[in-house]
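Inspection log for the structure reproduced underneath, given as structure tokens.
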Amino acid sequence: AKVLLKVENLKKYFPIRHGMFARHIGDVKAVDDVSFELFEGETLGIVGESGCGKSTTGRAIMRLHEPTAGSITFDDVELTALNKEAMRKARRDIQMVFQDPYASLNPRHTIEKILEEPLIVHGIGNAQERKKKVHEYLEIVGLSAYHAKRYPHQFSGGQRQRIGIARALMTNPKLIIADEPVSALDVSIQAQVLNLMQKLQDDLQLTYIFIAHDLGVVRHISDRVGVMYLGKMVELAESESLYNEPLHPYSQALLSAVPIPDPQYEREQLILKGDIPSPSNPPSGCTFHTRCPKAMEHCKTVVPKLQQVKPGHSVACHLYDA
Ligand code: SF4
Ligand code: MG
């Protein structure tokens, strides 16, 4: 398959300033040297605890957060080289779905107005065509034209997320970055929204980055999964390989909470000690060494690099050094 998105050495540092002269005293390394490719039509799940940099990665790809360093190639265009206006146009092809659809839908606008807005912003269609498309997309996400004149508060959480998804689809994007799209929903509703997203992916040939804090949520929807910890991608693998044989001790710990899909594999159960260190002062060497049950002496000083250890499966951990 074609590479739709290539992220190389992406960094997003947020400066920490102090005192009346706003002296720069350090950086929060929210995303610290992340690289991956995304193939057309696939779903890449990105998973990690809050503060691991998964949302910042999504926003940096869209340049909603300006990357500190690195390269983002989308559809053969280097996004970091685009000026503001060209980047605004590029966002027609990359859209986001957010965790809390209620917060991202203007409460004073009708659904019709909310869905029409991206079309107006990108100069797509005349008033009549826009209205037709709004009604069509309400149907596509399982609502109906009958809902067009209603306001966000008149919908349930699941329906609001359907509206959020419809809004993201209005410009016919190629890539959807979904940032915890089902985390705020009841488990029964989560499955409905995930099924809808899978159907839309097939019908509309979409490519997804699906961000979640829980490996269970992304299991069925993801072709590959990346696990992030303190701003770094620590494991990146095809889903089956990751869920059956997680290699990084952090992934093993995250997966201890998720049932084993294939009982022929045995999985070590790992329990993490301590809290996530602050991303403004990450541990030296492997940033996971303070919590890793398998840490070795050199883990404290040598940063492990993400390296492929078997086909379709990469990990950043000294346990797998040749
Ligand atoms: Fe644990 Fe060392 Fe591997 Fe880091 S590099 S995950 S500390 S074993
Ligand atoms: Mg899929």
Quiz item: Got a number for residues in segment 144-156 being within 21 Å of residue 121 (Cβ to Cβ) and crowded, with 17+ Cβ neighbours inside 10 Å?
Solution: 2
Quiz item: Across segment 140-156, what is the number of residues that are in a loop (DSSP other than H, G, I, E, B) and farther than 22 Å from residue 222 by Cα?
Solution: 9
Quiz item: How many residues does segment 270-313 hold that are among the small types (Gly, Ala, Ser), loosely packed, with under 13 Cβ neighbours inside 10 Å and under 14 Å from residue 249 (Cβ atoms)?
Solution: 1
Practice problem: Please enumerate the residues belonging to segment 129-155 that are under 18 Å from residue 197 (Cα atoms) and free of Cβ contacts under 8 Å to residues at least 12 places away in the same chain. | Solution: 136, 139, 144
Quiz item: Only one residue in 74, 98, 36 is more than 17 Å from residue 5 (Cα to Cα), of a type in the set (Phe, Trp, Tyr) and away from ligand 2 (no atom under 16 Å from the Cβ), so which one is that?
Solution: 98
Exercise. List the number of the failed condition for residue 141; all other conditions in (1) crowded, with 17+ Cβ neighbours inside 10 Å; (2) modelled with pLDDT under 95 hold.
Key: (2)
Quiz item: Looking at (1) away from ligand 1 (no atom under 16 Å from the Cβ); (2) buried (at least 17 other Cβ atoms within 10 Å of the Cβ); (3) under 19 Å from the mean Cα position of the chain (by Cα); (4) assigned to a helix (DSSP H, G or I), which is the one condition that is false for residue 159?
Solution: (3)
Quiz prompt | residue 301 over 22 Å from residue 10 (Cβ atoms) and near ligand 1 (Cβ under 9 Å from one of its atoms) | solution = no
Quiz item: Could we say that residue 213 is over 23 Å from residue 114 (Cα atoms), buried (at least 16 other Cβ atoms within 10 Å of the Cβ) and touching a residue at least 12 places away in the same chain (Cβ under 8 Å) here?
Solution: yes
Exercise. Kindly list the number of the only condition in (1) exposed (fewer than 15 other Cβ atoms within 10 Å of the Cβ); (2) under 24 Å from residue 218 (Cα atoms) that fails for residue 129.
Key: (2)
Quiz item: With (1) in contact with a Phe, Trp or Tyr (Cβ under 9 Å, 6 or more places away or on another chain); (2) modelled with pLDDT of 95 or more; (3) of a type in the set (A, V, I, L, M); (4) farther than 23 Å from residue 222 by Cβ as the list, and residue 28 as the residue in question, which single condition is left unmet?
Solution: (2)
Self-check item: Filter result for the condition that a residue is under 18 Å from the mean Cα position of the chain (by Cα) and surrounded by fewer than 21 Cβ atoms within 10 Å (Cβ to Cβ), over 74, 36
Solution: 36
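The values are calculated or read from the model by the stated rules, or taken from the named source; none is laboratory data. Bear in mind that the values here come from a model prediction, so they are computed numbers and not experimental data. Every residue, glycine among them, receives a Cβ derived from its backbone with ideal geometry; neighbour counts consider all protein chains shown.
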